[in-house]
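Visitor: Got a structure here, written out as structure tokens. Questions coming.
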Amino acid sequence: MNIYLILLLSILICVKAFILSFQNKNINNVKNKLTEKTTQLMISLCYNCVYIYSLCNIKFNIIKNTINRPFMLLWSYLKENKILTEKIINTIVFIDANGNEINKILKNNVEILELACKKNNYSGLFLMDKNVETECVNNVFYTSFPTTFDYNISKISFISIELEHENKKYSINLKNNKYNYYIINNCLNQTFFKYYIKNILKIPINETKFDYKVTIIDNDVNIITLFPNKYLLIREDDYQIHFLENNIDK
């Protein structure tokens with residue numbers, strides 16, 4: 001009797017082991033199938049998303065070009081025949097001895113401009129003149145109020161300009177797609193460099209003691225060094241170095 005009982009228990013244990021093994025295999029198979037299907041679904045979904053985006057982008061560009069073309073042709077016709085003209089707004093920016101902007105006035109408003117010149121204690125001013133064709137703003141720097149705001153662009157450009165202040169070095173770029181400081185009679189002096197670092201580079205400076213050294217490499221690979229007692233005056237085809245004792249006529 002005991003032998004049959006032991007034999008029955010052995011058979012039951014084997015059957016249970018077989019069932020568990022079968023279940024594990026089924027679970028693994030199901031997992032593998034689910035993983036495979038999920039991967040295929042994700043690949044298909046990504047492909048369809050890329051396809052739909054590309055198709056929408058193509059359709060959008062076709063519609064945009066179709067709509068824009070008549071308007072562009074109309075705009076060109078109106079401009080060529082001087083039916084419409086673009087109004088260019090120039091701004092005058094007054095700056096103090098520390099390079100801070102203290103006032104902004106539209107150039108067209110002559111009365112307010114003259115009044116501001118009398119009231120503001122300024123060390124320089126910028127004419128910011130936007131070029132409509134290139135979207136670049138010509139920045140004309142004056143050390144005193146000019147008799148005329150007419151200006152010409154210089155032909156020179158420097159290889160590099162680097163300003164060193166309190167053991168830190170800053171790159172000075174006089175021209176890019178947004179602005180141009182290569183203007184005839186623009187003066188690169190202490191006030192200009194204070195303005196540039198504060199308003200273009202957005203970096204605070206030591207206003208109490210703004211000691212600096214500017215190293216310029218021109219197109220002939222000449223090295224020019226400027227300190228607070230020297231300034232550079234941009235000309236049409238070259239530049240001039242002056243000491244502060246000389247007056248800047250502008």
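The values are calculated or read from the model by the stated rules, or taken from the named source; none is laboratory data. All values derive from a computational prediction rather than experimental measurement. Positions of Cβ are generated from backbone atoms using ideal geometry, with glycine treated the same way; all protein chains shown enter the neighbour counts.
Visitor: Check off (1) touching a Cys at 6+ places or on another chain (Cβ under 7 Å); (2) in a loop (DSSP other than H, G, I, E, B) for Leu233 and give me the number that stays unchecked.
Guide: (2)
Visitor: Working only within the range 211-225, note down all residues that are of a type in the set (Asp, Glu) and either in a strand (DSSP E or B) or without any contact (Cβ under 8 Å) to a residue 24 or more places away in the chain (or both).
Guide: Asp220
Visitor: Go through the residues of the range 126-135 one by one and say whether even a single one is surrounded by 15 or more Cβ atoms within 10 Å (Cβ to Cβ), assigned to a strand (DSSP E or B), touching a strand residue (DSSP E or B) at 6+ places or on another chain (Cβ under 6 Å) and at pLDDT 95 or above.
Guide: no
Visitor: I would also like to ask the following. Could you list all residues from the range 137-176 that are in a loop (DSSP other than H, G, I, E, B) and under 15 Å from Ile217 (Cβ atoms)?
Guide: Ile156, Ser157, Phe158, Ile159, Ile172, Asn173, Leu174
Visitor: Within the range 177-208, count every residue that is assigned to a loop (DSSP other than H, G, I, E, B) and either hydroxyl-bearing (Ser, Thr, Tyr) or not assigned by TED's automatic domain parsing to the domain that holds Ile102 (or both).
Guide: Keep residues of the range 177-208 that are assigned to a loop (DSSP other than H, G, I, E, B), which gives 177-178, 181-182, 184-186, 189, 201-208.
Narrowing the set further to residues that are either hydroxyl-bearing (Ser, Thr, Tyr) or not assigned by TED's automatic domain parsing to the domain that holds Ile102 (or both) leaves 181-182, 208.
Of the residues in that region, 3 qualify.
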